[in-house]
Structure formats: C-alpha cells, structure tokens
Amino acid sequence: MAEKKAATLKKGRHWTQLLEDIEAASNDVAKATSAGWRAYRQELFGGDNPSVIRSRLAMTNNNMTAFKRYETLYQEFRVAFDTLPQDAATVTRIKRLAAELAATAKSFDFDVPAEVKAFLEAVQTGGAPLALLTDTVQSWLKANSALDSYRVWAWNR
C-alpha cells in the first residue's frame, strides 16, 4: 500500500492524469453551462428577430413606436445571453426583459390590408408611386388618422 502523502500522489503519471481529467471535466461543465444558458434564452423568449418582424409589419405610427421599443429590448436581451449571469439580479432583469418583449410583440398590428402594407413599405423605402394610393389605402389612412401624415412630391429624375 502506498503512503498517504502528497509526494506519493505526484509520482509517475497519476498526478498529471488527474490534472488533465480535472481540466477536461471543467471544460465539459463550462460547455454544458453555456449551452443550458443559451437554451434558457429560447425558453424565456422565442420571439422573432427584429429584421423578421420588420419584413412582415406595416410601419404605422403605432407599429413604428412598438417596433423601436421591441428592437431596443431585443438587442438588450440578446446581449444579456452573451455571457453567463454573475448573480440572481441579472437573471431577474433578464426575465423582466423577456416579459417586456412579449408584451411589446403583442402590441404589433399585423392585420393590415395587403394594399396598405405595400403602400407603407414603399413609403419606408424611399417613396410610393401614386398608383399605390388606392381607395383602400386612402380609407385605411383616414380611419387611422394618418392621411395628413403623407405628402405628394414630384419626383425629378
């Protein structure tokens, strides 16, 4: 039987093997912890990236306000998962962000006629031709008190 001294432990390959095993186990725990943290992100909030929402959303005044808030919250939420939390307060703050994101996402109005969506998208990307200002679009703009928000300019190329 070997002596129960530190010097005995350091003889031969046992000590270096123990150190290698500890490092491997530590790396495995770190990887599993990071993977679990990233998975928790989806559990807290699985909403779409702002670029996906922007492509489906008519940019009405209300939607624009909600979208800006969503974009800011989403970025803050995403960054929070770049590193592991250091304390319970961080986790609490992230849970609050997730709840605010979910509430903001519910405020989006996706129920806009296709003609209105096409008109608003064209306006957002540099201007809408008069052909897109259909009766449906005008009625919708009136109903949403947005008719005075738009102006017609001659486009000189």
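The values are calculated or read from the model by the stated rules, or taken from the named source; none is laboratory data. This one's a predicted model, so the numbers in the text were calculated from it and none came from an experiment. Glycine also receives a Cβ, built like all others from the backbone with ideal geometry; neighbour counts cover every protein chain displayed. The accessibility values were calculated without ligands, DNA or RNA, using every heavy atom of the protein model including side chains. Shrake-Rupley method; radii C 1.70, N 1.55, O 1.52, S 1.80 Å.
So the values come out like this:
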quantity: Partner aspartates and glutamates for K68 [C-alpha distance under 15 Å; skip if fewer than 8 residues away on the same chain]; calculated: D48, E76, E100, D109
quantity: With every protein chain in place, segment 1-123: carbon and sulfur % of accessible area (1.4 Å); calculated: 56 percent
quantity: Highest-first arrangement of 84-92, 115-123, 63-71, 39-47, where packing means the average Cβ count within 10 Å; calculated: 115-123, 63-71, 39-47, 84-92
quantity: Solvent exposure of the chain as accessible area per residue, Å², 1.4 Å probe; calculated: 71 Å²
quantity: Rounded FRET efficiency, nearest 0.05, which uses the C-beta distance separating Q75 from A118 and R0 of 30 Å; calculated: 0.60
quantity: Pairwise FRET efficiency - A103 versus A131, Cβ, R0 = 41 Å, nearest 0.05; calculated: 0.60
quantity: Gyration tensor (alpha-carbon) shape descriptor, segment 21-107, a/c threshold 1.5; calculated: prolate
quantity: Computed [θ] at 222 nm, deg cm²/dmol, the chain (DSSP H ≥ 4; -39,500 (n - 2.57); rounded to nearest 500); calculated: -21000 deg cm²/dmol
quantity: Pair W37, A25: separation of 7 Å Cα→Cβ label points (nm); calculated: 2.2 nm
quantity: Relative contact order (%) - criterion: Cα under 8 Å, at least six apart; region: the chain; calculated: 22 percent
quantity: Evaluated at q = 0.11 Å⁻¹: base-10 log I(q)/I(0), Debye formula over Cα of the chain; calculated: -0.66
quantity: K5-K142 pseudo-label distance in nm [points 7 Å out on the Cα-to-Cβ vector]; calculated: 10.0 nm
